[in-house]
Every structure is written in structure tokens, then in C-alpha cells.
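Taking it in order: structure first as C-alpha cells, then the write-up.
Just so you know, all these numbers are worked out from the coordinates, no wet-lab data involved. Bear in mind the structure is a predicted one, so any value in this text is a computation, not a measurement. With ideal geometry, Cβ positions are generated from the backbone for all residues, glycine too; neighbour counts draw on all protein chains shown.
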């Protein structure tokens, strides 16, 4: 596995008429990892992905996928990537298994179609025509079509949109199996939990730009502060507590006897708080550390809720 | 599935295999579609049988089937290469099939080649069926089979260009409506079952320039009258082919 990034986007600009969908976007995708492009509807996720897939010609900037120009080198690139569109892509009269078999025939060394159909729980509807499949089944077929050619890199545009929780888990498992076998995965999502649970690397995008990129842990640690809460005797001397804590920490009694400390909450700070409580004869009931979620990070970066 | 199942082994299948697979799939889709079969098989067959058996239209001297069979063959070509292909391709565009295949190893020209092969296979099936029925109705064709073949091929190219132009520029529903309307109008006004000389002189000269008129008239010259290659009709078809394919290549949108 090479250490070169599999996707390199620099200063990408894409306009539709007067609307700028992508506005100077930079993105690097590491080989062998799952990278989530996270953002609200209209943030430019699909435009970015579809530019990488060779569907759109950039108005500015450069895009390299597996070292190739997706438009100029399309013939060389297409056999090496797998693509799952946000919707459609199948003849309405084609049967699920028939379409998958067809995609397999376009590749030199495809996966076993029967096994893939079973793996994705499409066995019961293999003879059903596409237009009669449920939304979830259509999604899983599109996913199967993206991986059947044994690609090095797959682009999945909202792979779990409209899936029930069980099918969602099953899709996540498949994505993890792809990664374990050395396939690089780029997916777009507007689900926080999907990015948090699945991705090695998350690019938060809004208004056509990357606002932050890093592992979910890095993103959560970096931006927003974390919180420590406990309850105890009312009217504790918070001035004395603050003196024991590192600079930049804050402490407040929110309601009677309910305390909140914000700042860099690490094991040392926790030890300091509990030892201060011990010195002052305070039992800190319900002591809890609240880690910030990607949701908080996103709110802080963009000033908006991800899902309205 | 066990570890290593998804280990990358990317690569395109050999081009002839991809194109053959695509053509086979397209043909299956067409033969599975009831509306398409109505258009390409049922209507031409019914018209051939009905108008040969019942003297509704004055087809001039001779057996009605000798007049009708060439026109119905022209209609068969139009139904598959133009109407059927326009509607199918329009909906493939609408449902993202063309888009998805655009990201597969099959190049676009390979997809178009496969579509053409699928049209040709369907036409062969139509022509075999209609020829057998026409013989059963007492058809006695004349002329050079190679002239017939050349006209059929030129007609196919001309109608394909126009069908793809429509499918690649209009919305799928508009294509559906327009392709059926054009089919109906050309069926009536293109010398298929109604001889063009039933129309006023001024109309005739315009109608004669339609691709369906050129094809049905050319086929009739050869098959009914035993004429040599009708170069005038072939030229009309060639002009339509160049205009249609040129415009389709210029304006076709894949999404």
C-alpha cells in the first residue's frame, strides 16, 4: 500500500451558473482509510465527490485521484474506482442480480456475485426488478455495484441514506471489511454518528469549503472544550477550586448544588477536582465527563445544526 | 465472506466482452418491456395483416401485401431505431443509468456501439418475423437484397441519430410523448400504409423528404418494382443520418 494520498484536491472551485457550489476546497484522502466528507445538504459534498469521479470539470483548482486527472485520464481511472451514486443508476426493468452480474462482466477479476448478493442480504430479491425493490434494497444494490469490480478506491455518496438501523449497521460492517482488505473508502454523509463510528478521517465541509479535517478524536479534542459535571453541597467556594485548576478553566454553580467545570478536561484535572473535594469534605455525586461530539464541533465551526 | 475477499484487483474486461455484455443486456431490457414490444412487434404485425386482408386503403395495382410489406419494414426500423431507442435512452438518462455506466470501465463509445448492436439484433428479429408473415400473405418481393440491406442500414443510422438527439436533450416524459407522436405522424404521412400520392402535390414534395418516406419509398422501389439502388432515397437518408448524428453528438447530455 503506497503512502501517497489516493485523492488530492487543491483549491477546487465549481460553479453552476452564478451559484458557487465548491469554493476553494482542499482535501487529501489517505490510502487504506475510511474518509468521511461530512456536511449539511448543499454544502458541496456531492459536487466534490462527482468531480473526483470525473463527472464534473473543475472551474478552478486541481483534482488528482490515484495520481490521475479524473477527466483527462478517465479511461485509466474508471476500472480502478468504484462508484455509488446518491440514487438511481440501474435500468428500471433489470433484476437486482442481473444488474450486478452485468457490472461484474465489465471488470477483469470481479467478486463472486452470488456471495456478494448473499452478503448484502439481496438474496431474497435477486429476481426482483429494480423498480420493485425497496429504497433500502436499491441502496444496497448500488453499494454492491460499487465494489463488485474489486476497486482500489470507492466513492460512496450517502451510502446509508434511507436505510433502517439494521441495514445501516450491515453497510458499516461491509465498509470496515473493505478497509481491512486494503480498499480506500471515501463517503459523504450528513450523519454525525456515521462519521464518528466509521471514519478514520473526517472532513467537515460547509459552503463549499473544508472547515476542519482530522480523526474524530482530534476534531473533538481540538475545537470545542469539554465539560466536567458533579453535584455536591450548595455554595462551595469555587474561587478556591479555581486556584487549584489550570489557567483557562471555568467553574460555575448552575443550579443549587449542580456544578460545571469547563476547560481542558484531562485525567490530571479530574484528580485535582476530586482531591480538592476530599480536602473540603465534599462528596462529588454523579461526577461525569462530557466529551464533545462531532455535532458540537460542527456547530462551533459552522454556526449551524447539521440536521435542521 | 472471509478476509481478503475485497483485496483490490482492479481492471477492465476486454472491450469486445464489455460491448457484447452491454448489447445483450440492452436487448434483454427491450424484449422484456411490454410497451416496447407493442411498438416494435405488435403494431407492425397488426398493420401488415390488417391492411393486407382488408381493403381499407387503395394501395394501387397489384397485391396489397406487395405495397405494404416494404412500408411495414420501414416502420419496423423506425419503431426500433427511433421511437424505442429514444424512449429507452431517455429514461436511462433520467434514472442515472447512463451516468452510472459512465463511471464504469465501458467507454461511452462502447455504450453507443452496444446500443447500436442491440437495435440491429432487434431489427433482425422484426424483419424475420414480418418477412415470414408477409410470405404467408402472398408477398412476392423483387430486387437486389444488397440494395435492401443498404437502405435498412442507412435508415437505422438516420433514425438512431434522431432518436438519440431527442433522448439526450429532452426530459424523459417529453421524449416519451414526442417519440410516440412522431411515430404516429410518420406512420400516416410517411408512405408506410398510405401511398404518398394520396396527398396534395405540395404536401408530397415535403413529405417525400422525411426519412420514413425515403426509406419506405426506397424499399418499395426495390422490393415491389425491382428497381436498382434508389440513390435519391439513399441520399435523403444519408443527409438525415449526418444531421441527426451530428446534432446528437453535439447536444446529447448524459445526465
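For the stretch A:110-151, averaging the sequence separation of C-alpha pairs within contact (under 8 Å, six or more residues apart) and dividing by the residue count gives a relative contact order of 61 percent. Say a paramagnetic label sat at a point 7 Å from the Cα of residue B:35, along Cα to Cβ; which residues of the stretch B:88-107 have their backbone N under 18 Å from it? Counting only backbone N, you get B:88-98. Rounded to the nearest 10 degrees, the inclination of helix A:135-147 to the longest alpha-carbon principal axis of chain A is 70 degrees.
As a rough footprinting exposure proxy, the listed residues A:274, A:227 were ranked by other beta carbons within 10 Å of their own, and the order from fewest upward is A:274, A:227.
Averaged over peptide A:103-115, the number of partner chain Cβ atoms lying within 10 Å of each residue's Cβ comes to 5. Panel order for A:9, B:182, by other beta carbons found within 10 Å of each beta carbon, from fewest to most: B:182, A:9. For chain A, the relative contact order works out to 20 percent when only alpha carbon pairs closer than 8 Å and six or more residues apart are counted.
Inter-chain Cβ neighbour count for B:12-25, averaged per residue, equals 3 (cutoff 10 Å, partner chain atoms only). Measuring max minus min along each principal axis, the C-alpha atoms of the stretch A:96-210 give extents of 41, 30, 24 Å (largest first). Distance from the alpha carbon centroid of the stretch B:114-164 to that of the stretch A:175-191 works out to 50 angstrom.
Per-residue shielding of A:90-98, expressed as the average number of other chain Cβ atoms within 10 Å of the residue Cβ, stands at 5. Placing pseudo-labels 7 Å out from each Cα toward the beta carbon at residue A:62 and residue A:266 gives an inter-label distance of 3.9 nm.
Classify the stretch A:51-113 from the C-alpha gyration tensor, please: rounded if a/c falls under 1.5, else prolate or oblate depending on whether a/b exceeds b/c. The partial results should precede the final answer.
Numbers: a/c = 3.42, a/b = 1.77, b/c = 1.94.
Oblate.
The ranking of A:174, A:219, B:196 from fewest to most other beta carbons within 10 Å of each one's beta carbon is B:196, A:174, A:219. Taking Cα atoms only, the orientation of helix B:211-223 departs from the longest principal axis of chain B by about 60 degrees. Here the Gaussian network model covers chain A, with springs between Cα atoms less than 10 Å apart; of A:242, A:178, A:111, A:242 fluctuates the most.
Any idea what the relative contact order of chain B is, in percent, if you count C-alpha pairs under 8 Å spaced at least 6 apart? Intermediate values should be presented prior to the final figure.
Details: 335 pairs, mean separation 73.5, N = 255.
Value for chain B: 29 percent.
Is the stretch B:15-251 rounded, prolate or oblate when judged by the Cα gyration tensor, a ≥ b ≥ c being the square roots of its eigenvalues, rounded requiring a/c under 1.5 and prolate requiring a/b larger than b/c? Mind showing how you got there, number by number?
Numbers: a/c = 1.82, a/b = 1.67, b/c = 1.09.
It is prolate, given that a/c is not under 1.5 and a/b is the larger ratio.
Relative to the longest principal axis of the Cα atoms of chain B, helix B:145-169 runs at roughly 50 degrees. Placing a pseudo-label 7 Å from each Cα along the Cα-to-Cβ vector at residue A:75 and residue B:185 gives an inter-label distance of 4.0 nm.
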